[in-house]
Structures are given as structure tokens and as C-alpha cells.
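Asks: First the structure, then my questions, so here it is.
The values are calculated or read from the model by the stated rules, or taken from the named source; none is laboratory data. Keep in mind the model is a prediction, meaning the values are calculated, not measured. Don't worry about glycine lacking a Cβ; one is built from the backbone with ideal geometry, like all the others, and counts go over all protein chains shown. These area figures cover heavy atoms from the full protein model, side chains too; ligands, DNA and RNA do not enter into them. Shrake-Rupley method; radii C 1.70, N 1.55, O 1.52, S 1.80 Å.
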Amino acid sequence: MILKITKWLVLIIVFKTMIVMIIAQFYTDPRQDVDARKKLCKAFRPNVVFIGTSRTLYGVDPAIFDSLNHQQTRSYNFGIFSLSPQVSFQIADQFISNDPEVKTIYIELSALDYNTVALKPDQVFQDAAFRANVMARSSHIDTHDKLSGFLLGLNTTLFQMFSIVPQITTIKKMISPVSDPIEGQPELSDNGHQPVALALSQINDRILNNKAATQQMLAKHQPVMPNTYYISRINELIARANQAGKKVILFYPNNLTKTESLILSQVAPYLPEQNLIRLPEDQQLNALFKPEHLFDPHHLNQKGATIYTRFLQKESKKRLDNI
């Protein structure tokens, strides 16, 4: 029985691999394919990269960042849909080891709900192990929620590995493209950023929930138990960059979810100040949650990206001598 199940699983994986390879010949979205994005980044030849989720993709404008730096930087936006911390660390490590031109690496500090959309098959279980280790050391999250999160992540992993639904969705997008910043075709600038002109007409509950979670994260609290696993992974990356004569800087995304704030509140307070950019606590923070600066509750439009990028550049100057 076990042998028969194994044979079927192998057959399914082989079938899916063939489907993925065939579709990749006709359509690849660099917003969710790390290898495709690496090729674009290499062709751009940056000396600064911003690695993060879709919040980075839409929220960081390298053209503004470089202009404020009087073109001393040539930055690239490496934002990927649902990019996990585990994979973002791997990407950063490759820039540290293999790309001498890249001197500064910015990494979005995130802990989004489990998603494997940007994962290769050989990365799925590494990512699951990373998340399990992080969740196990998150004292703010009760055991029931940790177990539920693990089972949900396992279900997502298995679905992503064996299902061809994502490929069917890709085919539908090829046949009937839609006009949407996320579901539509990629419209990346050469520097990797995707500017969006759309804006929301009014505030909604999701925006308010994200704002409350973000403000909670920024508020002053009694010291909490550190998430030693997550912190150690970041510190190891910072140390490797220092040894290579480079710098890694973590930065807060433009907003945080409730679960993210619970996890990251046990990480951010223990990171070196010179390697972390927090969000502002004044009117600039309120500006990031105004409907006219968002195209959905999670992502900044071009007006919002301008405000956010200007803030990142200003804080970067305090941490780097060459800007």
C-alpha cells in the first residue's frame, strides 16, 4: 500500500513539473518568480537592492530613492508576491556572496501568513521548518493558534506541491488578462518597481485593523521574550554581510497585520539600531493609511510610495556613511 501511494505521489509530482515547465515557456510573472526577477536585477546592475513582499514591490520607488541620493545609488526593487523571510534571507545571502557590485541590501521585516506562491519545490519544506521554528518561539501566540497555523501551512504546502490549480489560474490570466495591479499583467519599471495610480475612495475596516496592529507594534511596551530563532537568523546574515564589506538593513513594511505584529514584537526590539528602520510615529505614519495613498488595504499607490520611499531614504542616511 505504501509503495503504491508513493508511486502515485511521484507520478503526480512529475505531471505537475511537466505542466509548470510547459507554461513557463509561454508565461512567467517576475513578481512571483524569483529566478525571473534575478535575471532582471542582474541586467539592471544595481549597487543597492530592496528585498521584500508585494508591499515592497509597490511601496518602494528606487527612482525617488536614487534621486534623493543624488544618483550615488543605483537601487533595484526586488519585491515578490508573498515572499517569505526564509527565501528573502536566501536571496540576500546570494547577493552577499555572489554580487560584488551590490553594497547595501535592504530586507523587509515581515511575518506574513504562510504562503508558498514564490517557492520552488526544494524550498517548500525549508520554509515550513523556518516558520515552525519561528512560531514555536512566539510566546505571544497561544498553543491552539500555533497548531492551527502549522496545520494550515502544511495544507498550503501540500496543495502547492501537488495541485495544478495555480497553473490553471495562470492559463486563465494568459487567455483573459484583467486590468488589476495584482491579478493583471506585470508592469515593472526597469528598476523593478511597479507604480500604481489607482486610489481607494474611502477608509475601510481592513485598513483600520492594519493601522491598529502597526501602531501596537510601534508603541512602547515592557520587554518581551525574544524570538531567538528569528533574531539569530537575522544577526547571522548581518555578520556575513559585514565580513564581505557590505551592509544589511531591515525595514518595516508600510503596514503590519495583527499576527505579524505579535511575532515581530519579539524580534525588532533586539535588532541593532544601525540595521533597522522602524516606521515613523508622527503624521507620516497616518499618511500611509490614508485611502488616497493606497490602492487596496495592504498596498501603497504611487503617492503613498513617494512618502514611504522618502522616509526610508532619510533614515538610510543616518545608517550609512556613503549616502
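Asks: Heavy-atom accessible area per residue, region 209-281, 1.4 Å probe: how many Å²?
Replies: Values: 3240 Å² over 73 residues.
Ligands and nucleic acids excluded, the figure is 44 Å² per residue.
Asks: Right, next: Take the Cα coordinates of region 214-279, assign each an equal point scatterer, and use the Debye formula without solvent to give log10 I(q)/I(0) at q = 0.18, 0.28 Å⁻¹.
Replies: -0.69, -1.34
Asks: What is the dipole size for region 185-239, taken about its Cα centre, with +1 at each Lys and Arg Cβ and -1 at each Asp and Glu Cβ, in debye to the nearest 20? Kindly include the intermediate steps, with their values, before the conclusion.
Replies: Numbers: 4 positive and 4 negative charges, 66 e Å.
The dipole magnitude comes to about 320 debye.
Asks: Further, regarding this structure: Provide, in order from the shortest bin, the percent of all Cα-Cα pairs of region 37-100 in each 5 Å bin, continuing until the bin that contains the maximum pair distance.
Replies: Final binned percentages: 4, 17, 27, 27, 18, 6, 1.
Asks: Going by average Cβ neighbours within 10 Å, how do the peptides 243-251, 266-274 rank, with the highest at the top?
Replies: Details: 243-251: 18.0, 266-274: 16.4.
The densest-packed peptide leads the list: 243-251, 266-274.
Asks: Same structure, new question: Taking R0 as 45 Å, what's the FRET efficiency between Lys317 and Ser148 from their Cβ-Cβ distance, rounded to 0.05?
Replies: Numbers: r = 43 Å, r/R0 = 0.95.
Result of the calculation: an efficiency of 0.55.
Asks: Could you sort 84-95, 128-139 so that the peptide with the highest average Cβ count within 10 Å comes first and the rest follow in order? Write out the running numbers ahead of the final one.
Replies: On the way: 84-95: 20.2, 128-139: 17.8.
Averaged packing, sorted descending, gives the order 84-95, 128-139.
Asks: Dipole of region 196-323 (Lys/Arg Cβ +1, Asp/Glu Cβ -1, origin at the Cα centre): which of Ala244, Gln266, Thr228 lies farthest to the positive side?
Replies: Ala244
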